[in-house]
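J.: One structure is given below, represented as structure tokens, and several questions about it will come after.
The values are calculated or read from the model by the stated rules, or taken from the named source; none is laboratory data. Please read these numbers as outputs of a predicted model, since none were measured by experiment. All Cβ positions, even for glycine, are placed from backbone atoms using ideal geometry, and neighbour counts span all protein chains on display. The area values use the complete protein model at the heavy-atom level, side chains included, leaving out ligands, DNA and RNA. Shrake-Rupley method; radii C 1.70, N 1.55, O 1.52, S 1.80 Å.
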Amino acid sequence: MIYPYFLCAGRHSKRTTCERKSMFVPDIEAAVEDHYRRVQIPDHIITALRELVTSEFDRLHATARHERHAYTAERDGLRDERKKLLQAHYAGMIPLDLLGEEQERTARRLAFLDAQINAGDIEYDQAKAHLEDCLALAGDCHAIYMSIDDSLRRLANQAFFDKLVVMPDDTVNGQPGEPFNILFNPDVQRTALARQQGAAESGPQTGNVVGLNNDDLVEHRGLEPLPKRF
């Protein structure tokens, strides 16, 4: 007979000193549902987060745009340098082996510069689109979780959380994965609301938001959902 309980594998095999009793699966599932309800972000905070993170994206994009201007100038200079080297070789001023070394060095740098110049706008558009997807999920996570079956709930846990941990009082706390660790963070939410209020009172303000960057908000990952890490 199969009993629907979570059991510490370490305790069962006597590999650990865990004293946690077995836990009825439906009770743990109810606690997970309650955790989703507690972390789901209200609409007014979603709006503030969107404004906060979008402003940070715009700031980073503006910085990247200035960098791309520098990359473009360097690329144009290297192209001119490559032409001059070739002309000097034809004039007998530069030996073939030195020309080959310089051309290889220049080609590597040009490839890097082209990649940096072309990537900026694409990454920016993708990041903003990903932000909208994540905000929609974060603002409706409990409703989504309650509407799907067990196999999809597993995927939801993997998408939202690195770990789900059963606490001593049998409630569940989650450790959100990226980028939900940013969006679910109460400090970030308070910062977003305060910034929104400040902008309403004194006009838009920009500034570097600690902890927010494109890497946080582009990469989407999640790990095995565990009711308790044994």
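J.: For Arg108, are the conditions met, namely being surrounded by fewer than 15 Cβ atoms within 10 Å (Cβ to Cβ) and assigned to a helix (DSSP H, G or I)?
T.: Judged against the criteria, Arg108 is a match.
J.: Right, something else. In this structure, does Leu86 turn out to be open to solvent by 50 Å² or more (accessible area, probe 1.4 Å) and over 30 Å from Ala192 (Cβ atoms)? Break it down into steps so the answer makes sense when it comes.
T.: Working: open to solvent by 50 Å² or more (accessible area, probe 1.4 Å): yes; over 30 Å from Ala192 (Cβ atoms): yes.
Against the criterion (open to solvent by 50 Å² or more (accessible area, probe 1.4 Å) and over 30 Å from Ala192 (Cβ atoms)), Leu86 qualifies.
J.: Against the conditions (1) modelled with pLDDT of 90 or more; (2) loosely packed, with under 13 Cβ neighbours inside 10 Å, where does Phe160 fall short? Just the number, please.
T.: In the conditions (1) modelled with pLDDT of 90 or more; (2) loosely packed, with under 13 Cβ neighbours inside 10 Å, Phe160 misses (2) alone.
J.: What's the number of the only condition in (1) under 25 Å from the mean Cα position of the chain (by Cα); (2) surrounded by 13 or more Cβ atoms within 10 Å (Cβ to Cβ); (3) not aliphatic (A, V, I, L, M) that Arg11 fails to meet?
T.: (1)
J.: Looking at Ala73, Ala129, can you tell me which residue is within 34 Å of the chain's Cα centre (by Cα), of a type outside the set (Lys, Arg), exposed (fewer than 13 other Cβ atoms within 10 Å of the Cβ) and within 30 Å of Pro179 (Cα to Cα)? It would help to see each step written out before you state the result.
T.: Values: Ala73 fails: within 30 Å of Pro179 (Cα to Cα).
So the residue among Ala73, Ala129 that is within 34 Å of the chain's Cα centre (by Cα), of a type outside the set (Lys, Arg), exposed (fewer than 13 other Cβ atoms within 10 Å of the Cβ) and within 30 Å of Pro179 (Cα to Cα) is Ala129.
J.: Determine whether region 44-52 contains at least one residue that is under 17 Å from Ala136 (Cβ atoms) and part of a loop (DSSP other than H, G, I, E, B).
T.: Narrowing region 44-52 to residues under 17 Å from Ala136 (Cβ atoms): 44-52.
With the extra rule that they be part of a loop (DSSP other than H, G, I, E, B), the set shrinks to none.
No, because not a single residue in region 44-52 is under 17 Å from Ala136 (Cβ atoms) and part of a loop (DSSP other than H, G, I, E, B).
J.: Same structure again: Do we find a residue being loosely packed, with under 13 Cβ neighbours inside 10 Å, among the aromatic types (Phe, Trp, Tyr) and farther than 23 Å from Thr191 by Cβ anywhere in region 19-37?
T.: Among the residues of region 19-37, not one is loosely packed, with under 13 Cβ neighbours inside 10 Å, among the aromatic types (Phe, Trp, Tyr) and farther than 23 Å from Thr191 by Cβ, which makes the answer no.
J.: Okay, next question. In region 153-166, how many are out of contact with any helix residue (DSSP H, G or I) (no Cβ under 9 Å at 6 or more places or on another chain) and not β-branched (Val, Ile, Thr)?
T.: Kept after step one, since they are out of contact with any helix residue (DSSP H, G or I) (no Cβ under 9 Å at 6 or more places or on another chain), are these residues of region 153-166: 154-155, 158, 163, 165.
This time we only want the ones that are not β-branched (Val, Ile, Thr), so: 154-155, 158, 163.
Matching residues across region 153-166 total 4.
J.: Scan region 149-168 and report the pairs whose first residue is more than 18 Å from Ala138 (Cβ to Cβ) and part of a helix (DSSP H, G or I) and whose second residue is open to solvent by 50 Å² or more (accessible area, probe 1.4 Å) and not hydrophobic (A, V, I, L, M, F, W, C), with Cβ atoms within less than 6 Å and a gap of 6+ or a chain change.
T.: If the second residue must be open to solvent by 50 Å² or more (accessible area, probe 1.4 Å) and not hydrophobic (A, V, I, L, M, F, W, C), no pairs are left.
J.: Residues of region 89-105 being under 30 Å from Ala64 (Cα atoms) and loosely packed, with under 11 Cβ neighbours inside 10 Å, which ones?
T.: To start, the set of residues in region 89-105 that are under 30 Å from Ala64 (Cα atoms) comprises 102-105.
Result: Glu104, single match.
J.: Can you name the residue in region 133-148 that is touching a residue at least 40 places away in the same chain (Cβ under 8 Å) and surrounded by fewer than 15 Cβ atoms within 10 Å (Cβ to Cβ) and is also nearest to Val25 (Cα to Cα) among such residues?
T.: My answer is Met146.
J.: Looking only at region 170-203, which residues are β-branched (Val, Ile, Thr), outside any helix (DSSP H, G or I) and open to solvent by 60 Å² or more (accessible area, probe 1.4 Å)? Working first, answer last.
T.: To start, the set of residues in region 170-203 that are β-branched (Val, Ile, Thr) comprises 171-172, 182, 188, 191.
With outside any helix (DSSP H, G or I) added as a condition, the list becomes 171-172.
Passing the criteria: none in range.
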